[in-house]
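The structure under discussion appears below in the form of structure tokens.
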Amino acid sequence: MAYGIQSPVSGEAGARPQLLHASSDPPPSRPHPSGPPGLRLPACTAPPPPSGARRFRCRVRGGGAPAKMADPAEEAEPKQKEKQKNKKKAVAVDESELLTVPDGWKEPAFTREDNPKGLLEESSFATLFPKYREAYLKECWPLVQKALSEHYVNATLDLIEGSMTVTTTKKTFDPYAIIRARDLIKLLARSVPFEQAVRILQDDVACDIIKIGSLVRKRDTFIKRRGRLLGPKGSTLKALELLTNCYIMVQGNTVSALGPFSGLKEVRKVVLDTMKNIHPIYNIKTLMIKRELSKDPELRSQSWERFLPKFKRKNLKKRKEPKKKNTKKEYTPFPPPQPESQIDKELASGEYFLKERQKKRKRVEEIKAKQADAIKKRQEERNKAFIPPKEKPVVKTKKASTEKKIDIEAIKEKVKNAKKKKLGALPVEEVKLKMAADEKKKKKK
């Protein structure tokens with residue numbers, strides 16, 4: 001839109017020139033010319049603004065530079081800053097927790113109709129594998145090539161270099177197929193069996209390789225915590241697989257996980273917590289409670305913090321106590337008494353007034369007394385080897401007393417009773433009588 005400025009009439013006092021029309025662009029910064037009264041300036045040759053452009057109107061003081069018009073960008077700056085702050089607050093909350101996916105919903109598969117012209121350039125990925133995986137990869141490589149050929153991706157195995165390579169072809173229409181092929185060879189290199197690794201080619205399956213080698217300094221501590229993740233006979237790992245619907249493989253310094261996105265997130269949290277000395281059983285218990293709560297449709301929209309257990313960390317290690325304990329003395333405002341000097345001690349004992357000869361004689365006597373005590377102690381230690389140990393007193397065995405009287409009559413009675421009892425085979429007469437009684441019974445019958 002063109003614009004012009006009308007100069008004030010000379011007769012009018014205090015009159016201001018008025019801007020007739022203005023576009024969104026600021027006016028030229030040239031001084032206002034002083035012309036004859038009532039003279040119009042030629043219009044600028046600016047192009048007309050679009051139909052939806054905003055128009056601004058302002059006043060310009062006579063004889064000075066034209067006033068600057070309000071810029072919409074400057075007005076919008078504080079609003080944009082406020083929006084950015086609100087966005088940062090929103091990002092702080094985990095987006096995956098806010099999203100809700102309806103039950104039974106599945107993303108439609110990517111077909112050739114979605115990308116009929118294919119890819120413009122060839123993409124390739126390569127990864128190395130350890131020596132102990134060479135025999136297994138050589139055996140299952142035809143199956144790998146067959147699985148990748150369905151997505152029009154080539155796979156090559158180089159046994160000399162010890163590497164696997166995947167590349168796209170002209171027929172490849174899915175741009176994400178090469179990423180899935182890259183994840184497949186990564187999992188195969190990390191000792192994941194082919195039957196599980198081939199699931200990565202599905203749309204609803206992802207993988208995560210967690211590096212745990214650098215999380216713990218000491219090797220012994222690392223092995224203990226890695227074993228804690230496995231559990232006795234792999235029970236902890238199996239429970240984690242059932243709760244997260246993921247396949248987990250612990251190999252060397254990495255943990256490979258394969259499954260849905262929500263499960264992979266939980267697996268990574270449990271693995272990292274285990275390497276931070278938090279036992280996996282606590283996280284497994286939390287996952288079991290979450291699994292039961294998710295079945296209730298009323299609790300889905302509520303907070304689960306009141307149901308989840310809160311474990312307090314206990315430091316069982318006691319602090320090593322120092323050998324020498326410095327006990328603090330009670331505070332007294334008075335300074336300690338001044339220690340006695342050597343002259344004061346001699347004055348108190350009377351040595352100060354002795355002559356030099358007497359002092360020397362006293363020193364010699366003290367030295368001789370100390371030497372005599374040392375010799376005596378040394379002699380006692382030597383004589384200890386020749387002192388016999390104390391013998392234990394011999395315990396005398398008590399002889400059986402023969403003073404008890406023998407009862408002869410009681411013995412006779414025992415013998416008589418023994419004769420009366422029938423021991424061993426029956427006598428001949430009794431046998432004949434029994435046989436006769438048996439024959440009579442048979443005849444009666």
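Which pairs, out of K106/K295; K224/K312; K269/K310; K106/K290; K345/K370; K106/K138, put more than 27 Å between their alpha-carbon atoms?
Check vs 27 Å cut-off fails for K106/K138.
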Checklist outcome for this item: The percentage of the accessible area of region 180-296 (probe 1.4 Å, all protein chains present) made up of carbon and sulfur atoms, to the nearest whole number, is 54 percent
Next on the checklist: So, taking all protein chains as they sit and a 1.4 Å probe, how much accessible area belongs to R268, in Å² rounded to tens?
Outcome noted: 90 Å²
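Are there any GluC sites (Glu not before Pro) in region 235-313 that are in a DSSP loop and have at most 11 other Cβ atoms within 10 Å? List them by number. Spell out each step's value before the answer.
On the way: sites: E241, E266, E292, E298, E305; in loops: E298, E305.
Here the sparse-neighbourhood loop sites are E298, E305.
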Checklist entry - Measuring from label point to label point, each 7 Å out along Cα→Cβ, what is the L433 to R382 span in nm? => result 9.9 nm
Checklist entry - If you stretched the chain out fully between K360 and E298, how much longer would it get, using 0.36 nm times the residue separation minus the C-alpha to C-alpha distance? => result 12.0 nm
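Which order do you get for F307, F173 if you rank them by accessible area with a 1.4 Å probe, largest at the top? Don't jump to the answer; show the numbers that get you there.
Working: F307 85, F173 35 Å².
Highest to lowest solvent-accessible surface, that is F307, F173.
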Checklist entry - Ranked highest first by the average count of other Cβ atoms within 10 Å around their residues, in what order do 219-227, 386-394, 106-114, 256-264 fall? => result 256-264, 219-227, 106-114, 386-394
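Taking 8 Å as the Cα distance limit and 6 or more residues as the minimum spacing, I'd like the relative contact order of region 244-318 as a percentage.
Numbers: 45 pairs, mean separation 12.8, N = 75.
The value is 17 percent.
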Item to check | Share, in percent, of DSSP beta bridges within region 123-230 that are antiparallel, nearest 5 | outcome: 100 percent
Checklist outcome for this item: Sorted by accessible surface (1.4 Å probe, heavy atoms of the protein chains only), largest first, I281, I209, I178 come out as I281, I209, I178
Next on the checklist: If you count only protein heavy atoms and use a 1.4 Å probe, how large is the accessible surface of M249, to the nearest 10 Å²?
Outcome noted: 40 Å²
Checklist entry - Which whole-number percent gives the relative contact order of region 202-292, counting Cα pairs below 8 Å spaced six or more residues apart? => result 36 percent
Next on the checklist: Please report the accessible area of K414 (heavy atoms, 1.4 Å probe, ligands and nucleic acids excluded) in Å², nearest 10.
Outcome noted: 150 Å²
Checklist outcome for this item: In terms of the charge dipole of region 305-398, which places +1 on Lys and Arg and -1 on Asp and Glu at the beta carbon, the residue among P333, F353, A385 farthest towards the positive end is A385
Checklist entry - How would V255, V415 rank on accessible area, largest to smallest, probe 1.4 Å? => result V415, V255
Next on the checklist: If I model a spin label at Y282 and K238 as a point 7 Å from the Cα along the Cα→Cβ vector, what separation in nanometres do I get?
Outcome noted: 2.6 nm
Item to check | Simple spin-label estimate for K323 and K265 in nanometres, 7 Å along Cα-Cβ | outcome: 5.5 nm
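The values are calculated or read from the model by the stated rules, or taken from the named source; none is laboratory data. Keep in mind that what you see is a predicted model, and the values were worked out from it rather than measured. Positions of Cβ are generated from backbone atoms using ideal geometry, with glycine treated the same way; all protein chains shown enter the neighbour counts. Heavy atoms of the whole protein, side chains included, go into the accessibility calculation; ligands, DNA and RNA do not. Shrake-Rupley method; radii C 1.70, N 1.55, O 1.52, S 1.80 Å.
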